[in-house]
1. Determine Rg/Rh for chain A; Rg is computed over alpha-carbon atoms and Rh is the Kirkwood hydrodynamic estimate from the same atoms.
2. Over what distance in Å are the Cα centres of the stretch A:148-222 and the stretch A:691-721 separated?
3. Once phi is turned into θ = phi - 60°, what whole-Hz ³J(HN,Hα) does the Karplus curve with 6.51, -1.76 and 1.60 give for every residue of the stretch B:130-143, x standing for Gly and Pro?
4. What does the structure give for B:23-31 when I average, per residue, the other chain Cβ atoms found within 10 Å of the residue Cβ?
5. Per residue, how big is the convex hull of the stretch B:8-84 when only Cα atoms are used? Give it in Å³.
6. Taking just the alpha carbons, could you work out the radius of gyration and Dmax for the stretch A:155-234, both in angstroms?
7. Throw me the Rg/Rh for the stretch A:7-135, computed over C-alpha atoms with Kirkwood Rh, two decimals.
8. Using the Kyte-Doolittle scale, which helices in chain A average at least 0.0 and also have C-alpha atoms spread 20 Å or more along the helix axis, with helices defined as whole DSSP H runs?
Amino acid sequence: MTTKLFGEPVRRREDARLITGRGRYLDDIGSDALAAAFVRSPHAHARVVDVDVDAALDVEGLVAVYTYEDLPGPLAEPLPVLIPHPQLHAPRTGYPLANGEVNHVGEPVVMVVATDRYVAEDAAERIVVTYEELPVVVGVDAAREAVHAVHADVPDNVAARHHQETGDADAALAASPHTLSFTQYIERSACMPMEGKGVHARWDAGDRSLRVHTSTQASTSVRAAIAAKLQLSLDQVEVVAPDVGGGFGVKIVHPWPEELLVPMAAIALGREVKWAEDRREHFISSAHERQQRQEITVGYDDDGRVTALDVHVWHDNGAYTPYGIIVPIVTATQLVGPYVIPVYRVIVESVYTNTVIVTPYRGAGRPQGCFAMERTMDRIADALGLDRAVVRERNLIRPEQFPYDHRLTFQDGRPVIYDSGDYPGLLDKLRALVGWESAEELRADAEARGKLLGVGMALYVEGTGPGPYEGGHVQVLGSGKVLVSTGLTSQGQGHETVFAQIVASELGVPIEDVEVTTGDTRRFGYAVGTFASRAAVMSGNAVALAARGVREKALRIAADVLEADPGDLEIDEGVVSVRGTPGAAIPLRTVAVLSNPLRYAFDEAAKQATQFARSASDDKPPVAPGDAPGLEHRDYYSPIRSTFASGAHAAVVEIDPATWEIDVVKYAVVHDCGNVVNPMIVEGQVHGGVAQGVGGALYERMAYDADGQLQNASFMDFLMPYASEVPDVVIDHQETPSPLNPLGIKGAGEAGVIPGTAAIASAIEDATGRRIAAMPISPTQLYDLVRDGSSETTAAWRRRTGVDA
Amino acid sequence: MTVPVDTERTITITVNGVPRRATVPVRRLLSDALRHDLGLTGTHVGCEHGVCGACTVVVDGAAVRSCLVLAVQADGAAVETVEGLAREDSGGGQVLHPVQEAFRECHALQCGFCTPGFLMTITAGLEARDPSAELTEEEVDELVGGNLCRCTGYANIRKAVHDAAAAMRDGA
């Protein structure tokens with residue numbers, strides 16, 4: 001039985017090409033294309049006084065040089081503010097090429113086009129740009145102090161002040177039996193996909209059409225942006241996302257300057273032009289995320305139940321705000337996690353700095369929110385002398401409280417109403433999985449080996465699958481092949497497999513007959529994009545609905561041919577048959593042929609559908625009113641609001657008190673993403689997310705100096721985890737289906753990364769007794785913290801070691 | 001002033017068993033020569049400074065980062081790339097290398113960009129060892145420890161190495 005595949009660990013259909021070198025990534029396209037290279041700002045903040053290209057003009061193989069002055073029409077205007085918001089009161093975006101000012105190292109100033117990339121870089125390095133340096137703002141604290149301004153017309157550096165509250169926080173805090181206030185920091189990391197960005201454009205001067213390949217998470221919207229900025233009609237532009245070597249968020253931003261400039265040059269030059277980002281470019285001109293300063297005040301009762309929560313976050317949005325305040329909103333609204341927070345007030349001030357822009361990176365503000373909430377739970381437990389799991393348990397939303405309304409507004413403008421979940425169930429499974437109750441025995445055992453051991457946990461709720469919509473198209477061909485398309489894109493998540501499983505299951509066809517296309521505007525023009533763990537929820541349900549439409553039509557046509565009631569028919573292995581009547585059957589491929597009444601027979605199959613071959617009623621039209629030829633259906637899924645996945649992670653760390661090396665010796669994950677389409681793929685997503693979570697907690701940071709120079713802009717210096725840094729992960733599952741969508745699924749893509757920083761910080765704190773209020777943390781930083789006599793210690797540690805406060 | 005054109009050399013590299021000639025600028029990286037001059041785009045470039053390992057190919061039996069080798073240095077060498085891993089069977093079909101088979105079976109890849117480098121590194125390592133010997137965790141650490149993957153968290157890659165070694169032992 002191959003057709004009931006929903007829920008099975010089906011091996012990936014993408015892999016056959018990817019393991020044999022037949023994948024087609026951006027830089028594999030256009031072997032004869034001209035190559036673009038960029039002159040980028042070496043300064044974090046400067047006026048561009050002069051651009052002298054003369055020395056480049058002699059380079060043999062140079063084709064064209066573009067500066068801001070060469071940008072026509074709307075290209076000379078600022079890049080779009082993609083997601084405007086009323087609380088984003090001072091949005092600023094850059095230009096495709098710098099217009100007189102640069103605001104971060106890496107901002108593009110000149111584009112060079114040449115016969116190949118080597119030559120383009122030769123020419124680029126001969127271009128002399130004269131700058132007048134301006135004062136530089138780096139980090140949230142400097143932005144907040146506002147001694148200097150990133151943008152002269154935004155003197156306080158505040159781009160947005162996002163504010164939500166669910167009651168009178170001041171009164172609730174005043175009435176609380178206990179309160180705690182503290183400040184903590186989380187640092188910058190970045191998506192860092194193995195393949196950087198890239199764009200290839202080909203202009204057909206004959207029919208005036210543009211085909212753009214780009215390593216993007218949002219091909220339909222890139223298409224719209226190119227059409228708008230290059231003043232083309234939408235029908236002149238097609239955009240295709242080829243195989244994409246990882247995204248994790250950075251490729252949802254669009255249009256990147258290069259996505260406009262490369263097509264511009266292709267049209268101007270009448271030649272194919274390509275740009276493939278190199279690693280240093282990716283570090284200094286793509287996007288980062290995560291830096292925040294969090295000031296938290298919590299009120300709670302004697303049992304550790306939260307009575308009020310007041311959070312003030314300063315969020316570093318980098319030099320510009322093209323992606324609006326999505327990350328601040330997500331932090332603000334997802335911070336509350338799986339807990340009942342009677343009164344909640346959050347203010348996120350999103351501030352400009354002279355650094356690379358900040359846009360969503362897997363988790364998209366959630367890791368920071370989780371860090372705030374979960375560390376608050378740890379502090380309450382510490383203050384009351386309670387078990388950290390017990391305090392969490394007392395604050396959890398109970399299963400009978402769903403749907404649970406947090407009275408907040410989510411990033412999609414919709415209310416934060418949790419659709420379903422079983423958070424106590426998660427916590428129970430986590431405790432069992434990690435051995436929470438035997439932590440003290442583990443600690444004693446480690447101590448005997450000369451190691452400091454600690455355990456920590458963190459829970460999260462993740463809004464996944466936000467709208468507005470995705471669509472799906474399913475078509476059965478006369479060959480029996482089933483074509484499936486959806487507009488959103490793939491970056492390695494296995495969409496071809498998952499969507500094929502869904503369609504094969506819905507339609508009753510062998511998965512081998514199903515072919516899936518994603519992210520190609522030639523096949524599906526309406527889409528939103530791949531982000532916010534939404535692909536399986538949105539396009540999964542859309543292709544399911546489309547498949548159901550095809551099934552309904554197939555049964556109608558087959559019922560006519562088989563002279564049966566459609567309700568008595570079933571489809572299995574691509575054959576429609578009358579239930580319980582052997583022999584009364586018709587292959588789906590024949591139904592597809594018959595669905596399209598023909599005058600002309602171009603092959604044997606088509607003969608069956610021609611006008612004299614089919615017996616049809618003389619008083620009905622060949623295509624009934626409201627019907628359409630072909631066995632195909634297009635449908636859309638548009639949810640009323642997001643569906644909320646959840647999970648709980650725990651980390652066990654061992655620290656060597658000689659080197660202060662931090663070793664995550666066990667990492668436990670319990671996750672709940674509703675009904676699972678493919679458990680193998682979901683586990684893969686969890687594994688990858690955890691690795692990024694561990695990287696963000698212990699290794700990765702963007703090391704900007706005070707001049708705004710990124711000091712570690714290479715894989716030599718930016719410590720992305722190798723296999724040696726990633727712990728073994730043990731996973732347990734819980735499935736609480738979503739009542740919101742037909743398939744009952746919730747997103748799974750980002751979950752793995754969200755609680756890592758919080759859980760590991762908690763474990764280090766438990767091991768060392770030193771308050772961990774800034775992450776990531778390196779062995780050196782931990783050593784300094786332990787050595788510093790003024791470091792805050794935990795009450796739990798003082799009780800354990802008998803040290804007086 | 002005219003900037004001088006690069007000096008070019010004509011080189012011969014035996015790629016996946018087939019002698020290939022190309023005239024390349026002397027500064028051309030082997031990775032670029034394979035991809036652009038010979039059209040073998042299965043070898044990927046992830047960092048161009050020898051850290052990520054995505055560009056790994058096998059040169060005269062040893063796993064090498066092709067972004068750190070000039071094409072002219074490979075003149076006369078035998079180079080194996082990911083395109084040469086699978087073999088054709090007598091019926092014209094394709095027989096995957098045990099490492100490729102294990103990667104697919106174990107879900108050891110997601111976006112696939114780093115995969116060719118892992119496949120070549122692991123294949124060179126496993127083929128250089130006695131297949132009848134039990135594969136230790138330390139050997140796995142050594143085999144996968146120098147390549148970066150941003151998608152998988154490595155767990156399934158490690159599993160694939162074990163599976164591939166077992167298959168090579170059984171097939172040896």
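1. Rg/Rh for chain A comes to 1.01.
2. 19 Å
3. So the J values, rounded to whole Hz, are 6, x, 7, 7, 5, 7, 8, 4, 5, 5, 5, 3, 5, 5.
4. 1
5. Details: hull volume 5.4 nm³, N = 77.
Per residue, the Cα convex hull of the stretch B:8-84 comes to 71 Å³.
6. Cα-based Rg and Dmax for the stretch A:155-234 come out at 24.4, 76 Å.
7. Working: Rg = 19.8 Å, Rh = 17.5 Å.
When Rh is taken as the Kirkwood radius, the ratio is 1.13.
8. A:535-562, A:679-698
Quick note: the coordinates plus some simple rules give every number you see, no bench work behind them. These figures come from a predicted structure and were not determined experimentally. Note that each Cβ is placed from the backbone with ideal geometry, even for glycine, and that neighbours are counted across all protein chains shown.
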